[in-house]
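Everything below concerns the one structure shown next.
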Amino acid sequence: MSKETTSRINVLKTYKLYIGGAFPRTESGRYDRQTNAKGDLVANICRASRKDFRNAMVAARKAQRGWAARSAFNRSQILYRMAEMLESRSATFERALEDAAGYKKKDAAAEVATAIDRLVWYAGWCDKFTQLFGNTNPVASAHFNFTFPEAMGVVTVLAPKSAPLLGLISTFAPVIVGGNSTIVVVDNDAPTIAIELAEVLATSDLPGGVVNILTGRRDELTPHIGSHMDLDAIFAVGSDKDEERALSIAATESIKRTKFIDDRSASEWRDADAQSPYMILPFIEFKTAWHPIGGVAGGGGAY
Amino acid sequence: MAPGPRPLRCTSKDTPVTAKKTTKSKKTTKPPGSDTPHALLYGDLWDYAPAPESTGHTRFEKKYGHFIGGEFVAGKDHFKSINPATEEPIAEFASADAAMVDKAVKAARKAHKVWGKMRGSERAKYLFRIARMIQERSRELAVLESMDGGKPIRESRDVDIPLVAAHFFHYAGWADKLEYAFPGARVSSVGVAGQIIPWNFPLLMAAWKIAPALATGNTVVLKPAETTPLTAMKLAEIIAEAGLPPGVVNIVNGAGKTGAAIVDHPDIDKIAFTGSTDVGKIIQRAIAGTGKRLTLELGGKGANIIFADAAIDQAVEGIINGIFFNQGHVCCAGSRLLVQESVHDEVVAKLKLRIESLIVGDPLDKNTDIGAINSKEQLGRIKALVDAGASEGATMHQSSCALPDRGYFFRPTFFTGVSQSHRIAQEEIFGPVLSVLTFRTPDEAVAKANNTPYGLSAGVWTDKGSRLFEMAGALRAGVIWGNTFNKFDPTSPFGGYKESGFGREGGRQGLLPYLEVR
């Protein structure tokens, strides 16, 4: 009997999409090649189609009401849980940033650390932004009147090109803090990291469908995103003029809300001003409610 | 603001706008729609004496151009603004072309260098001044508003103009407190705002647009609606008399073309529009990719939801106020009545009775509940949709009251047997026409209420607090009125969800559209 070699071969991971809490392949069967800085193949990643987006839209819509209906405290704990899960996998993400995205060790560690801290930071906003943005209104008539923020609904995030981990977290976290569900479209040089992150989300008690992640080609998907009649808002990072114009025009059909912001460099995404409660603001609706105040005999404003 | 409770009668008022008498005798025993005979409807024993508000004290020009750079400038291509109650022209107004709009934008840009840098405490004092001067001239403004737009004097006097003054007063106080509005953020003005407003609340909409824009250090180019430009010109007069730096407020007259010239002007930083959803979409499309900021306050098809446990008499008053306030020319009107099945017949009977007692006629008469439809075109749109309601199979109920011989009037109307797919349940009628639908469970009420592309307002009538909160949370609309309807206040943010637009007007949140928040 000949002698067997002892070396073993790695098990490669198949990277799929993240829709409704599950990891389906793209229905289109198409793929894009992700290579590292040296040009070696990292993975064949899914090239999401219009149909995948529509499936994600259905999942996001289904999940949104339940997510918004959860207590703010519960949403807060779930975002915090994401941070916990990310912390326990920090070494994995650091290595992934180095191997797949060509980060230096120091930068990889900084991005992962900031990403975890940012999740913790936004986790804390879940039960606070309502008080920051809402208020009672001293109307001149005998009514109790108050204004409070509500979720907008389903928001598509066109994620930054840079900072494959932190860019994602910095953009979808403020969206879901407000009770929205989201479809994150990832078109960057290391989309495998987004799917690694999906594995974190899938094990963080986050209800399926609250965050959906599609890898693929942004320019191919944006026309369908802009014109989808059930989508409430679009949060686009780093759009050029043409994309901004095309999305804005398509958005008019159902009066979608749009928010365009510039992309940042990977290190700028780590800056303190890359997180703000005012990132929550574009994705909430203000609701104002009135009710008459009765005139109880002997009642009055002051005693 | 609501047409208040009044004796049961159908009016045929002797006012300058004369109306033919109708036969009233039939109601002395059994008014239409009433299941219980009334022994005596004392309103049938006498008529209301005419109580017209005099117009002699008002001053206005026969011909207006525009207000640019602090001065009234002559224009061309004049059109007439008609008194919709008499069909007689009131005054002529010029139409601003692109060159005139450009002149206004340049004046606003120049003024922003002054106004944007002025200390907030000084801006505040100008706005307080405007508020006070509006109060001083409120009677004149109310009369002119009713003459030009057709709304009852009782509403322009008691609702519109007081709210106009209050709006300026409220935002005046914000001008020097902006750094406290949004904790942790740095705020600055946006620049020049182009503002286009509708004809249903002419001066109030001007106040909603101008006051927050000025408080936050912006300058404006405002276009009033072409059927109701008169009070905007009076406001310009007040602004000039208040001594505002020239160009801070510029008002250009004209119709859609003038509006388009504002929207398309490259040196405008922000567009604020109140009007129809169709035009809102055109504007959103027109500025796509330009970087201009936008707020839209568009149409609505508000649901007014009546639960069986509600105080029915109060709810009926709320329904009446919800749909007949300002002839139903209200974007947040409660134009879809969702009534719980078990009280449907009772509510409908009371509604039939109640619409008979609404006084339709001369807007300037202090007894009038429902004034003139704003324009011939609008009257045509209302009639077309009412015809559609009838032809689609809904049952029409209309007041039997007489209408004046002249002017644009429409009887208070409601439809029963309306299904969700009917045009009168889906499209904004913007007139005194109510569609009645029914529901059994709260879930069904929510589903039906939310089953429209709009999301501006909703009303809920119930005696049960927990249900009210539940409904308030589940309804997708920007303003929820619980056991009340059509209430407005400068401190209370107003604006829509979904295709009713975005952005809020009123209160702290109403500052956001006019601020850069960093």
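The values are calculated or read from the model by the stated rules, or taken from the named source; none is laboratory data. Computed from a predicted model, the values in this text were never measured in an experiment. Here the Cβ positions follow ideal geometry from the backbone for every residue, glycine too, while neighbour counts run over all protein chains shown.
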(message) For the stretch B:461-493, give me each residue that is more than 22 Å from residue A:65 (Cβ to Cβ), outside any loop (DSSP other than H, G, I, E, B) and at the interface with chain A (Cβ under 7 Å from one of its Cβ atoms).
(response) B:481
(message) Return the residues of the stretch B:446-466 that are free of Cβ contacts under 8 Å to residues at least 12 places away in the same chain and among the polar types (S, T, N, Q); say none if nothing qualifies.
(response) B:466
(request) Only residues that are assigned to a loop (DSSP other than H, G, I, E, B), over 14 Å from the mean Cα position of the chain (by Cα), more than 9 Å from chain B (Cβ to nearest Cβ) and crowded, with 20+ Cβ neighbours inside 10 Å: list them for the stretch A:205-237, please. (result) A:216, A:228, A:231
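Within the stretch B:166-209, can you find the residues that are outside any loop (DSSP other than H, G, I, E, B) and without any contact (Cβ under 8 Å) to a residue 40 or more places away in the chain?
Going through the stretch B:166-209, the residues outside any loop (DSSP other than H, G, I, E, B) turn out to be B:166-174, B:178-180, B:187-189, B:192-196, B:202-209.
Within the stretch B:166-209, B:179, B:180 qualify.
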(request) Of the numbered conditions (1) free of Cβ contacts under 8 Å to residues at least 60 places away in the same chain; (2) of a type in the set (S, T, N, Q); (3) outside the structural domain of residue B:224 (by TED's automatic domain parsing), residue B:58 fails exactly one; give the number of that condition. (result) (1)
(message) Checking residue B:291 against (1) under 30 Å from residue B:364 (Cα atoms); (2) of a type outside the set (Val, Ile, Thr); (3) within 13 Å of chain A (Cβ to nearest Cβ): exactly one of these is not met. Which one?
(response) (1)
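Can residue B:499 be described as modelled with pLDDT of 95 or more, within 13 Å of another protein chain (Cβ to nearest Cβ) and surrounded by fewer than 21 Cβ atoms within 10 Å (Cβ to Cβ)? Talk me through it step by step, then tell me what you get.
Working: modelled with pLDDT of 95 or more: yes; within 13 Å of another protein chain (Cβ to nearest Cβ): yes; surrounded by fewer than 21 Cβ atoms within 10 Å (Cβ to Cβ): no.
Taking the combined requirement at face value, the residue does not satisfy it.
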(message) With the structure loaded, tell me whether residue B:443 is more than 10 Å from chain A (Cβ to nearest Cβ), surrounded by fewer than 19 Cβ atoms within 10 Å (Cβ to Cβ) and farther than 19 Å from residue A:290 by Cβ or whether it fails that test.
(response) yes
(request) Could you check residue B:291 against (1) in a loop (DSSP other than H, G, I, E, B); (2) at pLDDT 95 or above and say which number it fails? (result) (2)
(request) Of the conditions (1) away from chain B (no Cβ under 11 Å); (2) under 21 Å from residue B:494 (Cβ atoms); (3) not hydroxyl-bearing (Ser, Thr, Tyr), residue A:138 clears all except one; give me its number. (result) (1)
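To keep it simple, each residue is scored yes or no on (1) in contact (Cβ under 8 Å) with a residue 12 or more places away in the chain; (2) away from chain A (no Cβ under 14 Å); (3) crowded, with 24+ Cβ neighbours inside 10 Å; (4) of a type in the set (Phe, Trp, Tyr).
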position	(1), (2), (3), (4)
B:214	yes, yes, yes, no
B:244	yes, yes, no, no
B:259	yes, yes, yes, no
B:266	yes, yes, no, no
B:272	yes, yes, yes, no
B:284	yes, no, yes, no
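Answer yes or no as to whether residue B:102 is surrounded by 22 or more Cβ atoms within 10 Å (Cβ to Cβ), acidic (Asp, Glu) and touching a residue at least 40 places away in the same chain (Cβ under 8 Å).
Details: surrounded by 22 or more Cβ atoms within 10 Å (Cβ to Cβ): no; acidic (Asp, Glu): yes; touching a residue at least 40 places away in the same chain (Cβ under 8 Å): yes.
So residue B:102 does not fit the description; no.
Could you list, in sequence order, all residues of the stretch A:1-42 that are in a strand (DSSP E or B) and of a type in the set (Phe, Trp, Tyr)? Break it down stepwise before answering.
We begin by selecting, within the stretch A:1-42, every residue in a strand (DSSP E or B); these are A:18-19, A:22, A:31-35, A:41-42.
If the condition is that a residue be in a strand (DSSP E or B) and of a type in the set (Phe, Trp, Tyr), then A:18, A:31 are the ones that fit.
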(message) Would you confirm whether or not the stretch B:111-122 contains a residue that is of a type in the set (Val, Ile, Thr) and buried (at least 18 other Cβ atoms within 10 Å of the Cβ)?
(response) no
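Looking at the structure I just gave you, is residue A:250 of a type outside the set (Asp, Glu), in a helix (DSSP H, G or I) and within 11 Å of chain B (Cβ to nearest Cβ)? Write out each step before concluding.
Details: of a type outside the set (Asp, Glu): yes; in a helix (DSSP H, G or I): yes; within 11 Å of chain B (Cβ to nearest Cβ): yes.
Answer is yes for this residue.
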(request) Only residues that are among the polar types (S, T, N, Q) and touching a residue at least 24 places away in the same chain (Cβ under 8 Å): list them for the stretch A:127-162, please. (result) A:130, A:137, A:145, A:147, A:156, A:162
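Could you check how many residues of the stretch B:502-518 are in a loop (DSSP other than H, G, I, E, B), facing another protein chain (nearest Cβ under 7 Å) and over 16 Å from residue B:478 (Cβ atoms)?
Start the filter on the stretch B:502-518 by keeping residues that are in a loop (DSSP other than H, G, I, E, B), which leaves B:503-504, B:506-507, B:518.
Going one step further and asking which of them are facing another protein chain (nearest Cβ under 7 Å), we end up with B:504, B:507.
Still in the list and also over 16 Å from residue B:478 (Cβ atoms): none.
Result for the stretch B:502-518: 0.
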(request) Return a yes/no flag: does the stretch B:389-412 have any residue that is under 20 Å from the mean Cα position of the chain (by Cα), of a type in the set (S, T, N, Q) and modelled with pLDDT of 95 or more. (result) no
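How many residues does the stretch B:134-152 hold that are of a type outside the set (Gly, Ala, Ser), assigned to a helix (DSSP H, G or I) and closer than 20 Å to residue B:487 by Cβ?
Keep residues of the stretch B:134-152 that are of a type outside the set (Gly, Ala, Ser), which gives B:134-137, B:139-141, B:143-145, B:147-148, B:151-152.
Filter again for assigned to a helix (DSSP H, G or I), leaving B:134-136, B:139-141, B:143-145, B:147-148.
Still in the list and also closer than 20 Å to residue B:487 by Cβ: B:145.
Total meeting the criteria: 1.
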(message) Residues that are on the phi > 0 side of the Ramachandran plot, at least 3 per element: which helices (runs of 4 or more DSSP H) completely within the stretch B:301-406 meet that?
(response) none
(request) Select from the stretch B:431-443 the residues that are touching a Lys or Arg at 6+ places or on another chain (Cβ under 7 Å) and among the hydrophobic types (A, V, I, L, M, F, W, C) and list them in ascending order. (result) B:437, B:439
